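Asker: Structure incoming, see below.
Values quoted throughout were computed directly from the atomic coordinates according to the rules given, and no laboratory measurement underlies them. Here the structure is a predicted model, which is why all the values come from computation and not from measurement. Here Cβ is always computed from backbone atoms with ideal geometry, including for glycine, and neighbour counts include all displayed protein chains.
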């Protein structure tokens, strides 16, 4: 996950952070703040087209949950 944290910050448009559970250190959440929804959509498309997404999913115990939010 340390690599994910470092690599995510290198993606154009992403201002993300990686957090994990206090009681369960194997429970991670990635909170990604993007300059725009389009930057994020391009990033996901790139992950899927290069096969990196498949590699990521292999390490997960369940499917990731994602959504788009706005700060109030």
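Asker: Just to be sure I understand the model, the point goes 7 Å from the Cα along the line to the Cβ. What's the resulting residue 55 to residue 32 distance in nm?
Answerer: Result: 1.6 nm between the two label points.
Asker: When the helix-only estimate is applied to the chain (DSSP H runs of n ≥ 4, each -39,500 (n - 2.57), divided by the residue count), what is the mean residue ellipticity at 222 nm, nearest 500 deg cm²/dmol?
Answerer: Result for the chain: -11500 deg cm²/dmol, rounded to the nearest 500.
Asker: Stokes-Einstein diffusion coefficient for region 2-57 at 4 °C in a medium of 1.567 mPa s, Rh from the Kirkwood formula over Cα pairs: what value in µm²/s?
Answerer: 106
Asker: Can you put 24, 46 in order, fewest other beta carbons within 10 Å first?
Answerer: Ascending Cβ contact count within 10 Å gives the list 24, 46.
Asker: Next up: Sorted from fewest to most neighbouring beta carbons within 10 Å, what does the list 48, 22 look like?
Answerer: Ranked by crowding around the Cβ, least crowded first: 22, 48.
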